[in-house]
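Enquirer: For reference, the structure I am asking about is given below.
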Amino acid sequence: MATRHQARTAVVGLLYAYDLGNENIAKFSDEILEEDKIRNKQKEFSNTLFHGTVENLEMIDTEVQKHLKEWDYDAIGKVEKAILRLGAYEILVAKTDRAIIINEAVELAKELADDKSPKFINGVLDAIGK
């Protein structure tokens, strides 16, 4: 059975594809999750995260932009943006424990993004959570 971390990793992939302009990705989310062996409760969890993030995207992007000090939002990498959006959704909307979400986001950044991303994502999500 897939872990929540694996489910979040898949959601980052879905959000990445969505951000690249594949707005129909939601129609294929079940197949994509199945390919990653994310099933049952974790599939439900993943779909909730993905759809919730997309539905709240405008508010999430506004919140993220508020907490960028020296960064242009459009200059942030697509993977980093996907991780930030997911983390912001879980902190602001799903009300998941901030420490858990920041830790998860940092781990995702270590796996999926460049070397400077974990620290950047940690700082932005920490500011959002306060």
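The values are calculated or read from the model by the stated rules, or taken from the named source; none is laboratory data. Because the structure is a prediction, the values reported are computed rather than measured. Here the Cβ positions follow ideal geometry from the backbone for every residue, glycine too, while neighbour counts run over all protein chains shown. Accessible surface is based on the protein model in full, side chains and every heavy atom, while ligands, DNA and RNA are left aside. Shrake-Rupley method; radii C 1.70, N 1.55, O 1.52, S 1.80 Å.
Enquirer: Does the range 66-90 hold any residues that are in contact with a Phe, Trp or Tyr (Cβ under 9 Å, 6 or more places away or on another chain), within 17 Å of A127 (Cα to Cα) and open to solvent by 30 Å² or more (accessible area, probe 1.4 Å), and which are they?
Expert: Selection gives W71 alone.
Enquirer: Then there's this: Mind telling me which of the residues E44, E34, E58 ends up being exposed (fewer than 15 other Cβ atoms within 10 Å of the Cβ) and modelled with pLDDT of 95 or more?
Expert: Numbers: E44 fails: modelled with pLDDT of 95 or more; E34 fails: modelled with pLDDT of 95 or more.
One residue alone meets the criteria, E58.
Enquirer: Select from the range 1-20 the residues that are outside any helix (DSSP H, G or I) and within 20 Å of E107 (Cβ to Cβ) and write down the one among them that is most open to solvent (accessible area, probe 1.4 Å).
Expert: M1
Enquirer: In this structure, is E111 open to solvent by less than 30 Å² (accessible area, probe 1.4 Å) and acidic (D, E)?
Expert: no
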